[in-house]
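What follows is a set of notes on a single structure, which appears directly below.
The values are calculated or read from the model by the stated rules, or taken from the named source; none is laboratory data. Quick caveat, the model's predicted, so the values are computed rather than measured. Cβ sites come from the backbone with ideal geometry, for glycine too, and all protein chains shown count toward neighbours. With ligands, DNA and RNA removed, areas are computed over all heavy atoms of the protein, side chains included. Shrake-Rupley method; radii C 1.70, N 1.55, O 1.52, S 1.80 Å.
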Amino acid sequence: MSRDSSIISKMPGLVSRVFVAEGDFVAKGQELLILEAMKMENAITAPEAAIIKSIKISEGEVVNKGDLMITYDIASDAGDSTEADDVVSTQSIDRLEELRNRKSFLYDDARPVAVAKRHKKGKNTARQNIALLIDDDTFREYGSLIVAAQRSRRTEEDLITNTPADGLISGQGHINGDLFEGRVSCLAMAYDYTVLAGTQGTMNHQKMDRVIAVAKENKLPVILFAEGGGGRPGDVDMHTIAGLFISTFVEYAGLQGVVPTIAIVSGYCFAGNAALAGSSDVIIATKDISLGMGGPAMIEGGGLGKFHPRDVGPASVQVANGVVDILVEDETEAINAAKKYLGYWQGRLENYKTEDQAILQNIIPANRKRTFDIRRVIEVICDTDSILELRPECGKGMITCFARIEGCPVGIIANNSVSDAGAITSENALKASSFLNKCNSYNIPVVSFVDTPGIMVGPEAEKSGTVRSAGDLFVAGAKFTPPLMTVVLRRAYGLGAMAMMGGSTRKSQFTLSWPTGEFGAMGLEGAVELGYRKELEAIRDPKEREQYYNKMVDEAYERGKALSMATMYEIDDVIEPKDTRSWIAQSLHDYKRHR
């Protein structure tokens with residue numbers, strides 16, 4: 001038995017090809033004819049296994065919607081229709097194989113010699129670094145199929161094999177998914193040193209611009225592996241003179257203050273790569289870096305001498321001058337530091353540990369002139385293993401670090417009495433103002449631990465531009481909008497103390513002091529020497545003069561001690577050191593609730 005059925009045109013179009021004739025047996029899914037409409041070919045297929053009864057159209061004929069094109073018989077003995085499941089487009093298979101073959105050149109397995117050379121230097125490949133950074137199976141790559149703009153001098157096969165992704169791996173993925181319930185995406189870009197020495201090419205500039213735009217539009221943080229040699233003169237396909245119109249540098253720099261930008265530098269990083277690293281919020285570097293605005297070739301070309309790359313911007317230089325924020329052993333440690341840094345931006349952690357706060361009760365020496373370890377104070381107050389210090393070897397009199405208190409992210413600035421007695425030098429001021437600006441941009445509250453004799457003075461201090469640097473610290477404090485919490489540990493003298501408080505004891509969300517706190521418009525000893533100069537000069541007996549001097553200092557200390565300040569309500573309260581953490585934690589939780 002059989003029954004008739006028909007195929008009706010569902011659109012107007014031109015019959016360009018007919019593949020069957022009357023009496024043919026067709027399987028389900030088999031192509032019967034091609035109907036062209038709007039420059040597209042629409043394959044009309046058999047809806048079921050059947051025998052063609054009649055063909056009502058011919059090649060070259062134009063049909064309208066609703067026209068009858070083919071009739072057919074459906075017979076019960078038409079045969080096993082399962083063969084129709086095997087009707088697959090050969091063209092689709094070919095295209096898939098072509099794609100898979102092309103993408104195979106992207107991965108490390110396709111370039112064993114280059115990978116072995118990289119590993120011999122003790123380095124990860126760019127793709128290994130991305131894999132360590134991004135959570136499993138979440139990386140989505142942009143522009144993987146581009147090659148270097150050198151088609152006029154090299155074959156396509158050569159470019160595909162030796163310049164995969166044009167030496168820049170970029171894409172989007174999740175990070176720190178093991179710490180946060182809501183996985184947060186970030187954008188990662190890694191210059192591939194095994195491809196043309198990690199140089200910046202015509203095509204990878206376009207790719208970077210694209211990824212930067214995505215980061216800006218979606219407010220996604222960016223991590224850049226910046227190793228590489230700068231611009232690439234060998235890209236000859238695009239005819240330019242200087243290429244100064246390239247927008248990558250201004251677009252990347254424009255991300256600062258919008259989203260966190262982190263540069264990881266390992267090995268050689270010169271010229272354009274160094275410019276991008278320097279435009280980042282933080283630079284995390286390995287100990288073997290050579291980081292400079294020009295490499296050996298550029299230096300020699302400028303008539304400035306011949307140098308080995310190791311001599312240009314080594315870690316010993318770039319850590320001391322503050323260019324490098326965090327120095328680590330290797331790339332794996334750098335990636336861990338980047339993830340930790342980004343975690344402060346991602347939010348609060350539910351699980352945390354802390355030390356016994358009673359340790360703080362006797363941490364300040366009984367001798368008010370004796371130095372102490374301010375880092376130990378910070379360690380005790382903050383969650384265990386939550387601290388990430390920036391620029392520890394630059395501006396040593398000022399500590400700047402990120403940390404957590406009851407899981408909440410917080411920035412910390414603190415005077416370090418071990419260096420310059422904790423005075424605010426030009427270098428210390430610049431370090432603190434830069435850090436405050438960073439926290440301000442990303443709405444991270446800051447705790448200021450104060451123990452300073454004031455702003456450094458004297459002819460030598462002025463040579464370093466202290467007037468401007470100290471002014472920058474006041475400006476940063478005035479513009480700071482998240483909670484700023486001040487805790488005076490010991491000395492809080494003059495303009496230096498005010499700068500540490502954001503400009504005033506009333507600028508902070510709270511200004512507290514430990515019982516060891518002492519306050520004054522300037523250092524107590526200096527204030528006595530200046531204020532009682534005539535009286536001191538009038539006393540001829542040295543011992544009597546010293547006794548009078550000590551008496552005046554003791555009286556000044558009594559007037560300026562923390563309890564006296566609180567009595568006059570120049571500060572909010574005097575607390576026991578062990579209560580510091582709870583004060584800070586409550587403010588951090590309140591801020592989180594009301595954001």
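Filtering region 446-466 to residues that are touching a residue at least 60 places away in the same chain (Cβ under 8 Å) and open to solvent by 10 Å² or more (accessible area, probe 1.4 Å) leaves only 453. Only one entry of 497, 429 meets the criterion of being over 22 Å from residue 254 (Cα atoms), in contact (Cβ under 8 Å) with a residue 60 or more places away in the chain and buried (at least 23 other Cβ atoms within 10 Å of the Cβ), and that entry is 429.
Could you list, in sequence order, the residues of region 99-140 that are hydroxyl-bearing (Ser, Thr, Tyr), in a loop (DSSP other than H, G, I, E, B) and at pLDDT below 95? First the steps, then the outcome.
Taking region 99-140 and keeping what is hydroxyl-bearing (Ser, Thr, Tyr), we get 104, 107, 125, 138.
From what's left, in a loop (DSSP other than H, G, I, E, B): 107, 125, 138.
Answer for region 99-140, where residues must be hydroxyl-bearing (Ser, Thr, Tyr), in a loop (DSSP other than H, G, I, E, B) and at pLDDT below 95: 107, 138.
Every condition in (1) modelled with pLDDT of 95 or more; (2) open to solvent by less than 40 Å² (accessible area, probe 1.4 Å) holds for residue 234 except the one numbered (1).
Each residue in region 277-325 was checked for being open to solvent by less than 60 Å² (accessible area, probe 1.4 Å), under 18 Å from residue 229 (Cβ atoms) and without any contact (Cβ under 8 Å) to a residue 24 or more places away in the chain, and 4 of them qualify. Taken over region 326-351, the criterion of being open to solvent by 50 Å² or more (accessible area, probe 1.4 Å) and modelled with pLDDT of 95 or more is satisfied by 327, 329, 330, 332, 333, 336, 340. Consider residue 369 carefully, then state whether it is closer than 25 Å to residue 513 by Cα, crowded, with 17+ Cβ neighbours inside 10 Å and not aliphatic (A, V, I, L, M). When the stated conditions are applied, residue 369 does not pass them. The residue pairs whose first member lies in region 327-355 and is part of a helix (DSSP H, G or I), whose second member is aromatic (Phe, Trp, Tyr), and whose beta carbons are closer than 8 Å, counting only pairs six or more residues apart or on different chains, are 341/402; 343/180; 344/402; 345/442; 346/180.
Restricting the search to helices (runs of 4 or more DSSP H) fully inside region 447-565 and requiring at least 2 residues that are polar (S, T, N, Q) gives 466-479, 542-560. One residue stands out in region 462-490 among those that are touching an Asp or Glu at 6+ places or on another chain (Cβ under 9 Å) and over 30 Å from residue 563 (Cβ atoms): the one that is modelled with the highest pLDDT, namely 469.
Just the residues that are at pLDDT below 85 and within 30 Å of residue 583 (Cβ to Cβ), please, taken from region 505-526.
Taking region 505-526 first, the residues at pLDDT below 85 are 521-526.
Correct list: 521, 522, 523, 524.
Candidates are the residues of region 1-17 that are within 18 Å of residue 73 (Cβ to Cβ) and part of a strand (DSSP E or B); the one that is most open to solvent (accessible area, probe 1.4 Å) is 3. Note on region 474-496: residues that are in contact with a strand residue (DSSP E or B) (Cβ under 6 Å, 6 or more places away or on another chain) and not charged (D, E, K, R) amount to 10. Somewhere in region 366-388, is a residue in contact with a strand residue (DSSP E or B) (Cβ under 8 Å, 6 or more places away or on another chain), touching a residue at least 24 places away in the same chain (Cβ under 8 Å), assigned to a strand (DSSP E or B) and on the phi < 0 side of the Ramachandran plot? Checked region 366-388: at least one residue is in contact with a strand residue (DSSP E or B) (Cβ under 8 Å, 6 or more places away or on another chain), touching a residue at least 24 places away in the same chain (Cβ under 8 Å), assigned to a strand (DSSP E or B) and on the phi < 0 side of the Ramachandran plot.
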